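Heads up, the thing below is written out as structure tokens.
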Amino acid sequence: MRLRAFAAVSALIATPALAADEPAAAAPPRLIVAVSVDQLSADLFAQYRRNFTGGLARLQDGAVFPSAYQGHAATETCPGHSTLLTGVRPGRNGIIANHWFDLSLPRAEKRIYCSEDASDPESGPDKPVVSPRLLKVPTLGEWMKRKWPASRNVAVSGKDRAVAMMGGHKIDQGYWWKGSGFTTYKGAQLSPVVEAENALIAKAIAKGSKAFAAPAWCAPRDRAVRLGKDFEIGQGRFPAPAKDVTAFSRSPRLDAATLSLAGRLVDEMKLGRGDAPDLISVSLSATDYIGHSVGNEGVEMCIQLAELDRGLGAFFARLDKARIDYAVVLTADHGGVDATERLAQQALPRAVRVDPALMPGALGRAIAAELGITGVQPLIYGDGPAGDMYLNRALTPSQKSRALDALVSRLRAHPQVAAAYAAGELAATPMPVGSPQDWNLRDRARASFDPERSGDVVVLLDRAVMPIAVPGKGYTATHGSPWDYDRRVPLMFWRKGINGFEQPAPVETVDIAPTLSALLRLKVPDGSFDGRCLDIDGAAGNTCR
């Protein structure tokens, strides 16, 4: 019986056969709008979806996949965005994390940022020269431009890495927030509409803004939670005092500015009204900034999602007014987990902050003392207590072998570590297949593993272990784990006239690019995607054929 039920569910996703009397599919849309809501987990969407009345409500009338997986273990912003329009997992597209280490770099700083041009002498991981050059595969916008040279590929976001990963190597215009306004790639000029948007932002920041009102349905979330001696979360309303740039950008105002700029670009470039279909990618960053600052279960996040819903509704209405034939996909780059202290109040005993002994520096010192290794500093490179760790290249082969064994052994013995894999183990593991919800931890790690870039050891912390040892203002909660609260995100497709449905069976974010390719009737070479086409609606022009 269970097999028959699974077959029935799978049939809704698989490529259908057209009935003899089925009408021909609609013409491809003229504009694809790809929206990523940074840190919008499937759990968070499910929690609030019944309250939405704007853009998020409209999308629920389309094809809804409430369990879409960022299947890989490294659930960070850059890897997550790298899957959305490439259709390729991080283990093959090369974007294994937000930061990793390249010990062969000629510069003193071996840490590398996922969207930097490390060959530029002006670039560094903290002040990068932004570039998509580390992305190993094309994006949908690039495939479109190969077929239709007149097609425009545009991206806008609160984060440079979202623009680089969704736009790719061949982009017409790309803008992201930096400092107190939007900027663009080195050597490129700001469009007049970007300068106009920045001028409005500057006035708003100089004047300041009142706090947001919380909708009535946010009341159950409106309670204080103390973190440390002098820091509380859970009751914020995002006031923005005059000249406070951080208060502006770490609030719903950032998404509003991003959507405003996206609308201006649609108008200025006449996207969706040319001889070829166009693509605009819009990555909204405020949910992530707020989740990091105060967690995702307080009134702050409730206000943010209400404003997000309203802002998306206004943006879609703007496209409607322009009479553009557009199709929307909305998803997220990853999910997130709430602040440990609030989880602990909810009697979740597993919720703890990470043991500082798991930091790369502490591990390196302990192993050096254990093995009697001197004169090699640091012994271990890493960006934190989870993810990729690299052994110093100054080690002799014998020292490296012993250090690797000691590191894996020490990690696996720690109660906060769910798994630790040596690079050789992951390299010998085939890429996972089948449903991502059934993948084991090794499969999830393998989906993020690139033998050219990944560490000597990959560390996965246990469920509900927060990799931030000490919370502080602006950084109290995070993501990046292999667990479903970080991997599972919503996925929705909408186009005017679509026959809406909801499909509970798990899908992947790498399914987006092949689905949109089918919608556009864009053929790409076999093997270009790791994902598959989802039959979102034959009447909307997508038949997965």
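The values are calculated or read from the model by the stated rules, or taken from the named source; none is laboratory data. These figures come from a predicted structure and were not determined experimentally. Because the Cβ atoms are built from the backbone with ideal geometry, glycine has one as well, and the counts that use them run over all protein chains shown.
For the list (1) surrounded by fewer than 14 Cβ atoms within 10 Å (Cβ to Cβ); (2) at negative phi; (3) assigned to a loop (DSSP other than H, G, I, E, B), I need the number of the one condition that I373 fails.
So I373 meets the others, but not (1).
Give me the residue from the range 508-545 that is at pLDDT 95 or above and small (G, A, S) and, out of that set, surrounded by the fewest Cβ atoms within 10 Å (Cβ to Cβ).
Step one: of the range 508-545, the residues at pLDDT 95 or above are 508-534.
Still in the list and also small (G, A, S): 513, 517-518, 527-528, 531.
Details: A513: 29, S517: 22, A518: 22, G527: 6, S528: 16, G531: 20.
Looking at the filtered set, the residue picked out is G527.
Is it the case that the range 250-261 has a residue that's out of contact with any strand residue (DSSP E or B) (no Cβ under 7 Å at 6 or more places or on another chain), under 24 Å from W143 (Cβ atoms) and among the charged types (D, E, K, R)?
Checked the range 250-261: no residue is out of contact with any strand residue (DSSP E or B) (no Cβ under 7 Å at 6 or more places or on another chain), under 24 Å from W143 (Cβ atoms) and among the charged types (D, E, K, R).
List pairs: first residue in the range 261-290 and on the phi > 0 side of the Ramachandran plot, second residue among the hydroxyl-bearing types (S, T, Y) anywhere in the structure, Cβ distance under 8 angstrom, at least six positions apart or on different chains.
Once the first residue is on the phi > 0 side of the Ramachandran plot and sits in the range 261-290, its partners that are among the hydroxyl-bearing types (S, T, Y) give G272/Y326.
Yes/no matrix, rows are residues, columns are (1) assigned by TED's automatic domain parsing to the domain that holds L330; (2) of a type in the set (V, I, T); (3) under 26 Å from P385 (Cβ atoms):
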{"site": "Y475", "(1), (2), (3)": "no, no, yes"}
{"site": "Y485", "(1), (2), (3)": "yes, no, yes"}
{"site": "V489", "(1), (2), (3)": "yes, yes, yes"}
{"site": "G497", "(1), (2), (3)": "yes, no, no"}
{"site": "P504", "(1), (2), (3)": "yes, no, no"}
{"site": "V510", "(1), (2), (3)": "yes, yes, no"}
{"site": "T515", "(1), (2), (3)": "yes, yes, no"}
{"site": "S528", "(1), (2), (3)": "yes, no, no"}
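Look through G179, G187, G168 and report the one residue that is under 23 Å from E122 (Cβ atoms), surrounded by fewer than 21 Cβ atoms within 10 Å (Cβ to Cβ) and in contact (Cβ under 8 Å) with a residue 40 or more places away in the chain. Outline the logic, then answer.
On the way: G187 fails: in contact (Cβ under 8 Å) with a residue 40 or more places away in the chain; G168 fails: surrounded by fewer than 21 Cβ atoms within 10 Å (Cβ to Cβ).
Sole residue among the options that is under 23 Å from E122 (Cβ atoms), surrounded by fewer than 21 Cβ atoms within 10 Å (Cβ to Cβ) and in contact (Cβ under 8 Å) with a residue 40 or more places away in the chain: G179.
Which of the helices (runs of 4 or more DSSP H) found entirely inside the range 182-274 contain at least 2 residues meeting this: hydroxyl-bearing (S, T, Y) and under 24 Å from the mean Cα position of the chain (by Cα)? Explain how you work it out, then say what you get.
Working: elements: 192-207, 245-249, 252-269.
So the answer is 245-249, 252-269.
Mind checking which residues of the range 296-339 are within 17 Å of I280 (Cα to Cα), surrounded by 23 or more Cβ atoms within 10 Å (Cβ to Cβ) and either outside the structural domain of L516 (by TED's automatic domain parsing) or among the acidic types (D, E) (or both)?
D333
Can you name the residue in the range 419-449 that is more than 22 Å from E508 (Cα to Cα), without any contact (Cβ under 8 Å) to a residue 40 or more places away in the chain and in contact with a helix residue (DSSP H, G or I) (Cβ under 6 Å, 6 or more places away or on another chain) and is also surrounded by the fewest Cβ atoms within 10 Å (Cβ to Cβ) among such residues?
Filtering the range 419-449 down to residues more than 22 Å from E508 (Cα to Cα) leaves 419-425, 427-428.
Adding the requirement that they be without any contact (Cβ under 8 Å) to a residue 40 or more places away in the chain leaves 421-425, 427-428.
Narrowing the set further to residues that are in contact with a helix residue (DSSP H, G or I) (Cβ under 6 Å, 6 or more places away or on another chain) leaves 421-422.
Working: Y421: 24, A422: 16.
Across the range 419-449, the extreme among qualifying residues is A422.
Looking only at the range 329-341, count how many residues are more than 17 Å from the chain's Cα centre (by Cα) and either β-branched (V, I, T) or under 17 Å from I536 (Cα atoms) (or both).
1
Tell me which residues, restricted to the range 330-370, are part of a loop (DSSP other than H, G, I, E, B) and free of Cβ contacts under 8 Å to residues at least 60 places away in the same chain.
Of the residues in the range 330-370, the ones part of a loop (DSSP other than H, G, I, E, B) are 332-339, 346-351, 354-355, 359.
Passing the criteria: Q346, A347, P349.
What helices (runs of 4 or more DSSP H) completely inside the range 31-149 contain at least 1 residues that are touching a residue at least 60 places away in the same chain (Cβ under 8 Å), closer than 28 Å to R521 by Cα and within 15 Å of the chain's Cα centre (by Cα)?
Helices (runs of 4 or more DSSP H) meeting the threshold: 77-84, 90-93.
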